[in-house]
């Protein structure tokens, strides 16, 4: 299935999935479904599933058809080159050219209209169980036809055709893979046990990695168990210690600068005294 669509499984047995390319205006059998592409673009597709093509004329205005959904009688009531009144069983609808409408339990699409009825009518139409508008990167559409549930997905759309995938179950019903996991929120122990068992059966064991993970999980649990006030006090204490260290460093630096200043000043003063009394210095040296 596509990346954004759901992966399907079956409540019994395995899911069957098939895909094929359908040209515009043609019917293609995919799995058990016959599908017609009635319109397509580079991003979307209009299809009718469990489809059948038939032609109604002035000489043959009514036909019996059989599809997976059942048996039906389809007939013309009257028509022009723009629309036709179509009857299916006890239902009837006015359907325009290139339009899809549901009547008598069937989806009907008129692909061409020539002449009129009564007269020289020649009407090509597709009928089927379900009409789907499929968009690229959209979830699959599902329908139950003939007692079997089908999921239909647009894989790759083009203006001249489309790649369509059909999934179904021979036995049971379709389920999304993520929906098949049951979680009991009222019994966390049993849920955790189930998950751990699945992991131990399907996941290769790595002791060193597990030890590292366990250590990290222990640290995480300690942090999670701390209250908001505890975290705030811890942060405040850390900040206070950092500020104290900075202040102490600045104080020491200032003291050093002052000592250097006074040392240089004293040295300069002594030098000045000596330069002012050179004789005294000489006399002392003679004695």
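Looking at (1) under 42 Å from the mean Cα position of the chain (by Cα); (2) surrounded by 15 or more Cβ atoms within 10 Å (Cβ to Cβ), which is the one condition that is false for residue 122? The failed condition is (1).
Out of all the residues in region 1-28, which are closer than 20 Å to residue 158 by Cβ and at pLDDT 85 or above? Scanning region 1-28 gives 18, 19, 20, 21, 22, 23, 24, 25, 26, 27, 28. For residue 27, state whether it is assigned by TED's automatic domain parsing to the domain that holds residue 142, touching a strand residue (DSSP E or B) at 6+ places or on another chain (Cβ under 8 Å) and surrounded by 15 or more Cβ atoms within 10 Å (Cβ to Cβ). Taking the combined requirement at face value, the residue satisfies it. Of all residues in region 126-171, exactly one satisfies the criterion of being under 30 Å from residue 58 (Cβ atoms) and part of a loop (DSSP other than H, G, I, E, B), namely 129. Of the residues making up region 164-179, those that are surrounded by fewer than 16 Cβ atoms within 10 Å (Cβ to Cβ) and either modelled with pLDDT of 85 or more or within 27 Å of residue 27 (Cβ to Cβ) (or both) are 170, 173. Here residue 84 meets each of (1) without any contact (Cβ under 8 Å) to a residue 60 or more places away in the chain; (2) surrounded by fewer than 16 Cβ atoms within 10 Å (Cβ to Cβ); (3) touching a strand residue (DSSP E or B) at 6+ places or on another chain (Cβ under 7 Å) with one exception, condition (2).
Within the group 41, 57, which residue is assigned by TED's automatic domain parsing to the domain that holds residue 170, surrounded by fewer than 18 Cβ atoms within 10 Å (Cβ to Cβ) and under 18 Å from residue 152 (Cβ atoms)?
Unique residue meeting the criteria: 41.
The values are calculated or read from the model by the stated rules, or taken from the named source; none is laboratory data. Fair warning: this is a prediction, and the values are worked out from it, not measured in the lab. Note that we place each Cβ from the backbone using ideal geometry, even for glycine, and neighbour counts take in every protein chain shown.
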